[in-house]
Every structure is written in structure tokens, then in C-alpha cells.
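Below: one structure, written as C-alpha cells.
The values are calculated or read from the model by the stated rules, or taken from the named source; none is laboratory data. No experiment lies behind these values; they were computed from the predicted model shown. Positions of Cβ are backbone-derived with ideal geometry, glycine not excepted, and every protein chain shown enters the neighbour counts. SASA here: full protein model, heavy atoms, side chains in, ligands and nucleic acids out. Shrake-Rupley method; radii C 1.70, N 1.55, O 1.52, S 1.80 Å.
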Amino acid sequence: MKILIINGPNLNLLGKREPEVYGSTSFEEYFEGLKKAFQDVELHYYQSNVEGELINKIHEVGFTFDAILLNAGGYTHTSVAISDAIASVTTPTLEIHISNIYKREEFRHKSIISKSCVGMISGLGLKGYALGILYFQ
């Protein structure tokens, strides 16, 4: 099984950015633990702050990978183009959020990408990624 984790804008700052919301572990550190915990899964990781690069990556793997775990960051609430990209490929995508988007500012309560995803995990911290992998296993 091949799964790609895609993180969007500002998630490259995990471990530094708002540790009270996002924790103090970098995603790269967490990803190493995921690879050890899920040795039977071929895990890949991609991060970009650029909307078009995220879309290009979805297109690149969207017909060959078994699953995508997508944390689109702020683009969750604004990007019709990312939602369209998810809908355009055959690889199922699971929406992931580290924080509980429903406990945050009201504009974060609406996800534009949800309609194109198989489901959403929100508010469970970094553990949401591991749960996403378990969902697809």
C-alpha cells in the first residue's frame, strides 16, 4: 500500500508555530515515527506553501497511490481548485486537521475540500495522521 501525506501552507513550521495549538514536534520527526509504526505501508510525504504545487502533487499521484492524507491548512477554507483536483483523481483522499477546526474562528468551520474527500479527521493532533493510515489499511 502506498500512501502520500500532503501538508499545505505553514505546516512546515510545526514544532515552532503556536505549540499550544499544534504541539512541539516537527512533522519530519513525527513522520519518522509513522514510518516505523507502519512498516508495511510505503509512506511518502510532501509539503508546500503554494496552492498550485499541492494541486500538481495530487495530479501526480492521484492515479497510482492507494490513498492521500491531505492537510490543506488554510486552503481548506478557500481553495475550489484543490477540491476540484481531489475530485479529478481516482485515489481516495482523507482530510486531516491537527486542530479542531470547529473550535477555531468561524471562517474555519467551512471546508471547501470536504465534499471531495472520503472523510475528515479533525482535532486529534498529529495522531490524526496515524488514524488516517489505519483507515486505509
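Listed here are the residues, each with its yes/no results for (1) in contact (Cβ under 8 Å) with a residue 40 or more places away in the chain; (2) polar (S, T, N, Q); (3) over 21 Å from G123 (Cα atoms).
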{"site": "Q39", "(1), (2), (3)": "no, yes, yes"}
{"site": "L43", "(1), (2), (3)": "yes, no, yes"}
{"site": "I86", "(1), (2), (3)": "no, no, yes"}
{"site": "N100", "(1), (2), (3)": "no, yes, no"}
Flag if E95 is of a type outside the set (A, V, I, L, M, F, W, C), open to solvent by 20 Å² or more (accessible area, probe 1.4 Å), without any contact (Cβ under 8 Å) to a residue 40 or more places away in the chain and outside any loop (DSSP other than H, G, I, E, B): no
From F38, F65, F27, residue being open to solvent by less than 60 Å² (accessible area, probe 1.4 Å), in contact with a strand residue (DSSP E or B) (Cβ under 9 Å, 6 or more places away or on another chain) and at pLDDT below 95: F27
Per-region count, the range 1-14, residues part of a loop (DSSP other than H, G, I, E, B) and under 22 Å from E51 (Cα atoms): 4
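Any idea which residue in the range 41-50 is farthest from the chain's Cα centre (by Cα), counting only those that are surrounded by 14 or more Cβ atoms within 10 Å (Cβ to Cβ) and part of a loop (DSSP other than H, G, I, E, B)?
V41
The rows are residues; the columns are (1) assigned to a loop (DSSP other than H, G, I, E, B); (2) touching a residue at least 40 places away in the same chain (Cβ under 8 Å).
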| position | (1), (2) |
| --- | --- |
| E20 | no, no |
| K36 | no, no |
| G52 | no, no |
| N56 | no, no |
| T64 | yes, yes |
| I68 | no, yes |
| G74 | no, yes |
